[in-house]
Amino acid sequence: MSTLPPPPTPDLQRLALLDLAQRARGGLALHLALWLLIGVFSGLAGRSPLLFWLTGMTFGANMVVRWWTERHLSDRLSTDLPLARASFVGLLLANPLVWGLACAAEMARPSGTQAGDWIWFTLTGVAASGGISLSIDPLVRRLYAALAVLPPSLVMLMFPHGDRGFHLVAVLLFLLYVRHSSRVVHTDYWSAACARAELEQRARELELMSCTDTLTQVANRLHFDRRLAQEWARARRERTPVALMMIDVDHFKRVNDEFGHAFGDTCLQEIARALRAALTRPGDLLARYGGEEFVVMLPGTDNEGAMLVAERLHAAVAALTLHVAARSTPLAVPVACSIGVFVAGNPAAGSPASALEHADEALYQAKRLGRNRVVMLAGPA
């Protein structure tokens with residue numbers, strides 16, 4: 001026996017309510033239209049004007065309120081999900097209840113009327129179609145058909161005559177059928193929705209993994225190259241500069257050889273964390289370029305701004321002191337880096353590859369001058 005999936009995440013519940021609203025939209029004016037047809041062709045409007053007009057106005061008011069609620073449903077779901085769900089589902093369940101009460105009122109007549117039969121047949125159709133197609137919501141699944149058929153069923157029990165015993169048996173079979181069918185629809189819908197959400201989550205995780213360096217948790221070279229191409233194209237259109245920085249950890253091979261690769265990995269992780277914390281703008285990008293090299297892209301940054309950021313990055317790394325705890329006497333290991341900076345003031349005159357070459361040349365100059373410094377290379381990209 002299949003089990004009903006538990007209510008999933010709030011995001012999935014919001015999507016389900018929007019889907020429920022879309023499914024119910026086709027019947028927005030249907031209830032009022034069917035009631036008017038019954039009133040005209042069965043003579044109910046002339047024989048019971050109070051019931052006819054009161055029920056019709058209720059359907060009409062529900063239609064208007066539902067139309068307004070659906071227009072603002074998306075905004076309300078993002079601010080107060082439980083209240084938005086309660087109000088919208090309540091409006092959906094009001095229609096079958098009104099059908100049931102109207103049918104019960106007409107069936108309460110001792111002699112019975114043709115209008116009562118008309119309402120009964122229409123009610124069962126509405127209850128079946130709504131109870132099954134709208135059953136993605138658990139409350140609608142349980143109550144939609146029941147609210148429609150229970151009031152006239154109680155009248156049949158209170159005023160038994162004619163073939164109403166047969167009607168009661170038919171009601172029981174009808175409810176069992178709707179319950180089974182709605183359960184299948186509900187289970188299939190939520191199973192598919194949860195499976196789709198899981199696939200989307202896995203896709204996002206794979207996308208993140210493909211863009212992230214596993215050791216340092218900053219962007220990897222592939223992601224950096226993609227972003228650089230995008231920002232370069234935008235800078236060409238908008239005629240704005242792009243600053244690039246190549247960062248190399250000084251004497252990293254010595255650190256690996258003397259303290260081990262595990263400590264070297266920790267060193268890279270701490271440096272990446274310090275560099276990322278020193279970048280304050282959302283659009284700036286830090287990536288591990290390979291080995292002990294990092295690269296930074298600063299869109300829309302001129303020479304002066306690039307040097308300020310480079311000095312801040314250099315100071316952030318210099319402030320690090322890592323401790324080797326595996327030895328009998330803990331040892332503090334200072335960390336330093338060299339940074340090469342290049343600003344492409346006119347991206348239209350060059351390419352991302354040439355700009356990276358210039359930044360790498362600036363890094364080479366910084367190392368040749370003694371390391372542990374920032375060097376900017378002037379010139380067009």
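The values are calculated or read from the model by the stated rules, or taken from the named source; none is laboratory data. These numbers were taken from a predicted model, which means no experiment stands behind them. Here Cβ is always computed from backbone atoms with ideal geometry, including for glycine, and neighbour counts include all displayed protein chains.
Exactly one residue among 150, 172, 157, 199 is of a type in the set (A, V, I, L, M), at pLDDT 85 or above, out of contact with any Pro (no Cβ under 9 Å at 6 or more places or on another chain) and closer than 30 Å to residue 116 by Cβ, and that residue is 150. So if I check each of 100, 39, 27, which one is assigned to a helix (DSSP H, G or I) and within 19 Å of residue 147 (Cα to Cα)? Every option except 100 fails the conditions.
When the stretch 357-371 is filtered for residues that are more than 25 Å from residue 242 (Cβ to Cβ) and crowded, with 17+ Cβ neighbours inside 10 Å, nothing remains. Scanning the stretch 57-79 for residues that are under 17 Å from residue 32 (Cα atoms), of a type outside the set (A, V, I, L, M) and surrounded by fewer than 18 Cβ atoms within 10 Å (Cβ to Cβ) turns up 60, 67, 68. The set of residues in the stretch 73-91 being over 19 Å from the mean Cα position of the chain (by Cα) and not hydroxyl-bearing (Ser, Thr, Tyr) consists of 83, 86, 88, 89, 90, 91.
Comparison of 88, 41, 121, 52 shows that the only residue that is in the same structural domain as residue 176 (by TED's automatic domain parsing), loosely packed, with under 15 Cβ neighbours inside 10 Å and either in contact (Cβ under 8 Å) with a residue 24 or more places away in the chain or in contact with a Gly (Cβ under 8 Å, 6 or more places away or on another chain) (or both) is 41. Scanning the stretch 209-228 for residues that are in contact (Cβ under 8 Å) with a residue 60 or more places away in the chain and either out of contact with any Cys (no Cβ under 7 Å at 6 or more places or on another chain) or over 21 Å from residue 271 (Cβ atoms) (or both) gives 213, 215, 216, 218, 221, 224, 225, 227, 228. Scanning the stretch 204-236 for residues that are of a type outside the set (Asp, Glu) and within 19 Å of residue 354 (Cβ to Cβ) turns up 221, 224, 226, 227, 228, 229, 230, 232, 233, 234, 235, 236. Taking the criterion of being among the aliphatic types (A, V, I, L, M), touching a residue at least 12 places away in the same chain (Cβ under 8 Å) and out of contact with any Ser or Thr (no Cβ under 9 Å at 6 or more places or on another chain), the residues of the stretch 229-262 that qualify are 229, 235, 244, 245, 255.
All of (1) in a helix (DSSP H, G or I); (2) of a type outside the set (A, V, I, L, M); (3) more than 22 Å from residue 230 (Cα to Cα) hold for residue 338 with one exception: (1). Give the residues of the stretch 124-157 that are farther than 24 Å from residue 33 by Cα, among the hydrophobic types (A, V, I, L, M, F, W, C) and in contact (Cβ under 8 Å) with a residue 24 or more places away in the chain, sorted by residue number. Across the stretch 124-157, the qualifying residues are 136, 139, 154, 155, 156.
Scanning the stretch 265-296 for residues that are in a strand (DSSP E or B), of a type in the set (A, V, I, L, M, F, W, C) and in contact with a Phe, Trp or Tyr (Cβ under 7 Å, 6 or more places away or on another chain) turns up 285, 286, 287, 295.
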